[in-house]
1. Can you give me the number of residues within segment B:67-87 that are touching a residue at least 12 places away in the same chain (Cβ under 8 Å) and either among the acidic types (D, E) or within 11 Å of chain A (Cβ to nearest Cβ) (or both)?
2. Answer yes or no: is there a residue in segment B:167-185 that is assigned to a helix (DSSP H, G or I), within 19 Å of B:A30 (Cβ to Cβ), modelled with pLDDT under 90 and within 14 Å of chain A (Cβ to nearest Cβ).
3. Can you tell me how many residues in segment B:70-95 are farther than 18 Å from B:S111 by Cα and either assigned to a helix (DSSP H, G or I) or among the aromatic types (F, W, Y) (or both)?
4. A:L246 versus (1) crowded, with 24+ Cβ neighbours inside 10 Å; (2) within 14 Å of chain B (Cβ to nearest Cβ); (3) of a type outside the set (K, R): which is the lone unmet condition?
5. Could you please find all residues in segment A:42-85 being within 14 Å of chain B (Cβ to nearest Cβ) and surrounded by 24 or more Cβ atoms within 10 Å (Cβ to Cβ)?
6. Checking A:G257 against (1) under 21 Å from the mean Cα position of the chain (by Cα); (2) more than 8 Å from chain B (Cβ to nearest Cβ); (3) part of a helix (DSSP H, G or I), only one condition comes out false. Which one?
7. Looking at (1) in a helix (DSSP H, G or I); (2) under 30 Å from B:I231 (Cβ atoms); (3) touching a Lys or Arg at 6+ places or on another chain (Cβ under 8 Å), which is the only condition A:M109 fails?
8. Restricting attention to segment B:250-265, report how many residues are in a helix (DSSP H, G or I) and either surrounded by fewer than 18 Cβ atoms within 10 Å (Cβ to Cβ) or at pLDDT 85 or above (or both).
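The values are calculated or read from the model by the stated rules, or taken from the named source; none is laboratory data. Computed from a predicted model, the values in this text were never measured in an experiment. Cβ: placed from backbone, ideal geometry, glycine included. Neighbour counts: every protein chain shown.
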Amino acid sequence: MFPFLIYILTLVCIYAIIVMSLNLAMGYTGLVNFGHIGLFGIGAYTSAILTTKFDWPFVFAILSAGILCAIIGALLSIPSRKIKDDYFALLTLGFLFVTGAIFINWTDMTRGTLGIRGILRPEGFTEPNSFLILTFIAALVTFFILEKVTKSPFGRVLEAIRDDELVAESLGKNIDRAKMTAMTLSGFFVGIAGVLMAHFIRFINPASFWLDPLVVALAAVVIGGLASLRGSILGVVIVFAVSESLRFLSLPSTMIGPMRVILFMIVLLVVILFRPKGIIGRADLD
Amino acid sequence: MWIIAQIFINAIIAGSVYALVASGLTFIYATSRIFHLAHGVVILFGAYIFHFVWIEQGLSPILGVFLSILGSVAVGLLMNELIYEEQRKRHAKRLAYLISTIALLMLGTSSIILIFNTSLKTFGIQTTVYRFDQLNITLMQIILIVISCLLLILLSAIVKYTKFGKAMRATADNDEVASIMGINTRQIRRLSFGIGSLLASIAGILIGLEFNLDPNMGVYLALKGFTAMVIGGVGSINGAIFGAFLVGLFEQIAVWYFGAGWKNSITFVLLFFFLLLRPQGIFGLKRFR
């Protein structure tokens, strides 16, 4: 197969992990977490720094990045006890801006806007084909684990929290712990996605974890549908299909980036207006 | 000691711009219950049109101001009519408005990049610098503060003394009752979007003249305006103005203490602590949500 297709498929797998884990927080639990991309960046930077600066093996790096993001995800769930809905969403957007500032300003570790170069792919997966297989397996594992979680009684507790926190609480569910568990899982998987991204592109800078990936993730999760993992995968595929079809218009390269965002956002607005559940979603934006 | 005085002066300059942003946001929030973050883009449109007409085309600045107000108001009203009002018809929830306003914010930012391209825009205006011992303030900055104060006074006068202001306050209190009493709430929302966008275009022009223009500014301005709103207590215009100056002050302290790189993220630390510890804002007149 030609390398371009492999490249796109790898990105689709990575974004599928991001969007599925975002859906766990946003669609199932009702915690709109714009800071998700901040966690994605933390995962990527952690692994990049550990492998290039401290020569850690990939396996330990990916595990520590996942665990770190899980912990930060858990911490992010704490303010949701007092700060609800759109206030929580904007607060997490603030978290994204803070992580962005850390990536830019903590130059000793992150090399600031220069970014980190020369991140190696793990042993045995240096070829694009084998790396695609690795990310595909990761996406598949994520899907099955999250499918298991969301279909379990615990998943129903999460959906009860989304629909009505008070009712869930009065039924004796520990909603704080449930939210924290959901955010921990969500953080862990997006951290893994960040690691895969860093080792796939082999170069990261603060701009890679800024508003562009947020736009993609948000568009995919809403278009595909909230509270549906299959919807998330479908959303990612649609978003990438839309974005890659722009290549055939032979636009000047400076126009492609903004055109892409404009297209995503128009599709997103149309979906919000005419089908707020998304294509195969089960929950409304509430 | 002079550095503290200089920090205060800079805070007042930044704060008076943020006050315009935050009061516009509050004005719109009061009637529509939407955190209109896409306001940041409305500001940018004003600023870029002014720059385009005056600097790039070399036409008169008065025409630039006129066209920039026209452009911003048109963009603001279009957002309201095409998106928010349509959503309102379909009984959208608060989060749906939030997602769509963020979509509009990104859409607008990218359109600006597409239309005016990404290069940094400067007006390159040098005005007289007044020095008092070691303190500096330029004529431009004094004009900026004066214009913004005048506009804010005008705004509170509109809210307090005109018939529209009365109808607006009624809508803000309870739009259902207001519409039963014969107030055309849709018209009121339209007007508040119009006035808010007008303020935005002037804020944009002042920002352009004082700082440089870059397309990412819209996002930051919107979030700073929102933070100012939360600090003052969501829904109160005076609170928002106070919050704007507090944001300006904290920003300047952060720049002085940590360096310019942290300027934009300090706002969120402020937002975080206010949401957590005093969600009703400093004045706390309105109940949270």
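1. So the count comes out to 6.
2. Here is the first cut: in segment B:167-185, the ones assigned to a helix (DSSP H, G or I) are B:167-173, B:175-180, B:185.
Retained after the next criterion (residues that are within 19 Å of B:A30 (Cβ to Cβ)): B:167-173, B:175-180, B:185.
Filter once more, keeping what is modelled with pLDDT under 90: B:167-173, B:175-180, B:185.
Among the residues that remain, those that are also within 14 Å of chain A (Cβ to nearest Cβ) are: none.
Checking segment B:167-185: not a single residue is assigned to a helix (DSSP H, G or I), within 19 Å of B:A30 (Cβ to Cβ), modelled with pLDDT under 90 and within 14 Å of chain A (Cβ to nearest Cβ).
3. Narrowing segment B:70-95 to residues farther than 18 Å from B:S111 by Cα: B:81, B:84-95.
Checking the rest, the ones that are also either assigned to a helix (DSSP H, G or I) or among the aromatic types (F, W, Y) (or both) come to B:81, B:84-89, B:94-95.
Count: 9.
4. Among (1) crowded, with 24+ Cβ neighbours inside 10 Å; (2) within 14 Å of chain B (Cβ to nearest Cβ); (3) of a type outside the set (K, R), the lone unmet condition for A:L246 is (1).
5. Filtering segment A:42-85 for residues within 14 Å of chain B (Cβ to nearest Cβ) gives A:75-85.
If the condition is that a residue be within 14 Å of chain B (Cβ to nearest Cβ) and surrounded by 24 or more Cβ atoms within 10 Å (Cβ to Cβ), then A:L76, A:S77, A:S80 are the ones that fit.
6. (2) is the only condition that A:G257 fails.
7. Failed condition: (2).
8. Taking segment B:250-265 first, the residues in a helix (DSSP H, G or I) are B:250-258, B:260-262.
Keeping just the survivors that are either surrounded by fewer than 18 Cβ atoms within 10 Å (Cβ to Cβ) or at pLDDT 85 or above (or both) gives B:250-258, B:260-261.
So the answer is 11.
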